[in-house]
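Step one of this worksheet: look at the structure below.
The values are calculated or read from the model by the stated rules, or taken from the named source; none is laboratory data. Here the structure is a predicted model, which is why all the values come from computation and not from measurement. Every residue, glycine among them, receives a Cβ derived from its backbone with ideal geometry; neighbour counts consider all protein chains shown. Heavy atoms of the whole protein, side chains included, go into the accessibility calculation; ligands, DNA and RNA do not. Shrake-Rupley method; radii C 1.70, N 1.55, O 1.52, S 1.80 Å.
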Amino acid sequence: MYPPKIGYVIPDSIEEATEFLEKHDDAKVLAGGHSIIPMLKLRIIRPSYLVEIRRLNNLHNISKSEEEISIGAITTHYEVFKSNIPLLSETASKIGDPQVRNMGTIGGSISQLDPSADYPATLMAMDAKVKIKGTKGERTELFKDFAKDMFTPDLNQGEIVTEIIVPNYSDYKYSYQKLERKAGDFAIVGVAVLLKVDGEIIKDARIGLTGVNNVAVRAVDAENMLKDNKITDELLEKVSNEVVKYANPVEDIRGSVEYKKKATKVMTKRALLEALKR
Amino acid sequence: MKIIENNEKTKIHLKINGKEYETEVEPRRLLVHVLRDLGFTGVHIGCDTSNCGACTVILNGKSVKSCTILAVEADNSEILTIEGLAKDDKLHPIQEAFWEKHGLQCGYCTPGMIMEAYWLLNQNPSPSEEEIREGISGNLCRCTGYQNIVEAIKLASQKMRISAFQP
């Protein structure tokens, strides 16, 4: 399948890219291309121009401090996976397949904002921030506000995601558990868990859910149940039942509503137990 | 800033298997089509929806699905295809291993499998069976059930480790 006829823009800077995008309202940003090129081939979208940002090197770096980690938007999933970022690297390792991870980028993925993508559960659990640049300047939003609805990021015309910033959860245990229909697929449900543990007592818990809502959510009530408690079979059952209350899946080729809710419970338990093993 | 209009062609440079190539492409042209037009027909078009991995090549050192990359995106890149693996009529150890373990049936997925195995063994010279299966999870084979392919990659990893120790 050939993509439709399309113009192509190779900007030399982010400024040139944002200016072009602002003037051409049906132009699209091309980062790794692993969402947009299949969509072009299937004629789901027909933009006038693609604006290539994958060679803008100042969007391509990871900087770490004790408090937070900043990841440039065109950092590939493979590079995120190799960077030993608590929870986020594990999540990146479960996206698509090796070839997809070699091309796909974190900024591209969250700008596409597929409701079953892997990063959103994790970014929600981590309280990630998103840096956005446009012709009028730069702004930073919490990921939970950035993710407005399915496939609907908070991006105005001419704006580009430049960085993803996550707090450094180096003293947390973590796990991202994903149920997929076949290797490399999007998540039927994905559960991201961060736990701060003192002895056997959970001091802090963060649980993010993807695949079972229009956008990823944090299961706050379930998190609170864990706090200052020891994990027992009984508590695990209670918490995972609570997490299921945050799941409002729709029936599709990946499963029925009932199946997805049950899967959410199973994956939550699995994520909590895996995190505790770390 | 370079702007290529939708009815315009642009010159791109590719270094394929060590040799320089220059060709003209429309922006919508996919890398897989350009490679095949240049004679590298070992690069196969399978599903064309970024699933099957038959079009896998090594682009600037990383395995990619060339059906999901525009040729203009790959301008000034280095590409390795299945045609670039054998040296002086001697098969690459991965090719030998696929031969010896019969890691194929119809052969359609084989070039993509071998290129992905090449990247995998570059990253991890001694992968476990599980790591091999994960490593080729982006490559589909509709004939063999994968067992012989996995065996071939295991054997290739041994062969490559042995040859690396030779003086």
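Any residue at all in the range A:1-8 that's without any contact (Cβ under 8 Å) to a residue 40 or more places away in the chain, open to solvent by less than 10 Å² (accessible area, probe 1.4 Å) and touching a helix residue (DSSP H, G or I) at 6+ places or on another chain (Cβ under 6 Å)?
Within the range A:1-8, the first condition is being without any contact (Cβ under 8 Å) to a residue 40 or more places away in the chain, and the residues that meet it are A:2-3, A:5.
With the extra rule that they be open to solvent by less than 10 Å² (accessible area, probe 1.4 Å), the set shrinks to A:3.
Checking the rest, the ones that are also touching a helix residue (DSSP H, G or I) at 6+ places or on another chain (Cβ under 6 Å) come to A:3.
Yes, some residue in the range A:1-8 is without any contact (Cβ under 8 Å) to a residue 40 or more places away in the chain, open to solvent by less than 10 Å² (accessible area, probe 1.4 Å) and touching a helix residue (DSSP H, G or I) at 6+ places or on another chain (Cβ under 6 Å).
If the condition is being aliphatic (A, V, I, L, M) and either under 17 Å from A:Val161 (Cβ atoms) or not in a helix (DSSP H, G or I) (or both), then the range A:104-121 contributes A:Ile106, A:Ile110, A:Leu113, A:Ala117.
Answer yes or no as to whether A:Asp198 is within 14 Å of chain B (Cβ to nearest Cβ) and either open to solvent by 60 Å² or more (accessible area, probe 1.4 Å) or at pLDDT below 95 (or both). Judged against the criteria, A:Asp198 is not a match.
Restricting attention to the range A:227-278 and to residues that are free of Cβ contacts under 8 Å to residues at least 24 places away in the same chain and of a type in the set (Val, Ile, Thr), the residue that is most open to solvent (accessible area, probe 1.4 Å) turns out to be A:Val250. Across the range B:40-55, the qualifying residues are those that are more than 9 Å from chain A (Cβ to nearest Cβ) and not hydrophobic (A, V, I, L, M, F, W, C), and the one among them that is least open to solvent (accessible area, probe 1.4 Å) is B:Gly42.
Filtered by the rule that a residue be more than 7 Å from every other protein chain (Cβ to nearest Cβ) and basic (Lys, Arg), the range B:1-20 gives B:Lys9, B:Lys11, B:Lys15, B:Lys19. Within the range A:125-155, the set of residues being in contact with a helix residue (DSSP H, G or I) (Cβ under 6 Å, 6 or more places away or on another chain), hydrophobic (A, V, I, L, M, F, W, C) and not in a strand (DSSP E or B) comprises A:Ala128, A:Phe143. Taking the numbered list (1) modelled with pLDDT of 95 or more; (2) in contact with a helix residue (DSSP H, G or I) (Cβ under 7 Å, 6 or more places away or on another chain) in turn, A:Ile231 passes all entries but (1). Residues that are more than 10 Å from every other protein chain (Cβ to nearest Cβ) and on the phi > 0 side of the Ramachandran plot within the range A:11-53 comprise just one, A:Arg43. Here are some residues: B:Ile149, B:Ile114. Which one is surrounded by 18 or more Cβ atoms within 10 Å (Cβ to Cβ), at pLDDT 95 or above and in contact with a Phe, Trp or Tyr (Cβ under 7 Å, 6 or more places away or on another chain)? Sole residue among the options that is surrounded by 18 or more Cβ atoms within 10 Å (Cβ to Cβ), at pLDDT 95 or above and in contact with a Phe, Trp or Tyr (Cβ under 7 Å, 6 or more places away or on another chain): B:Ile114.
Taking (1) closer than 14 Å to A:Lys178 by Cβ; (2) away from chain B (no Cβ under 14 Å); (3) touching a helix residue (DSSP H, G or I) at 6+ places or on another chain (Cβ under 6 Å); (4) surrounded by fewer than 24 Cβ atoms within 10 Å (Cβ to Cβ) in turn, A:Asp118 satisfies each apart from (4). Do we have A:Asp25 as over 22 Å from A:Gly211 (Cα atoms) and either open to solvent by 10 Å² or more (accessible area, probe 1.4 Å) or touching a Ser or Thr at 6+ places or on another chain (Cβ under 7 Å) (or both) here? Here the answer is yes, as A:Asp25 does meet what is asked. Would you check if there is a residue in the range B:56-68 being open to solvent by 10 Å² or more (accessible area, probe 1.4 Å), out of contact with any Phe, Trp or Tyr (no Cβ under 8 Å at 6 or more places or on another chain), assigned to a helix (DSSP H, G or I) and not assigned by the TED database to the domain that holds B:Gly138? No. Residues considered: A:Leu50, A:Leu88. Of these, the only one that is touching a strand residue (DSSP E or B) at 6+ places or on another chain (Cβ under 7 Å) and over 25 Å from A:Ile188 (Cα atoms) is A:Leu50.
Conditions (1) touching a Cys at 6+ places or on another chain (Cβ under 6 Å); (2) over 27 Å from A:Lys173 (Cβ atoms); (3) not assigned by the TED database to the domain that holds A:Glu163, marked per residue:
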position	(1), (2), (3)
A:Ser48	no, yes, yes
A:Glu67	no, no, no
A:Ile71	no, no, no
A:Ser83	no, no, no
A:Ser89	no, no, no
A:Thr105	no, yes, no
A:Ser109	no, no, no
A:Asp118	no, no, no
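From the list A:Val191, A:Val212, the one residue that fits, being closer than 22 Å to A:Lys148 by Cα and in contact with a Lys or Arg (Cβ under 7 Å, 6 or more places away or on another chain), is A:Val212.
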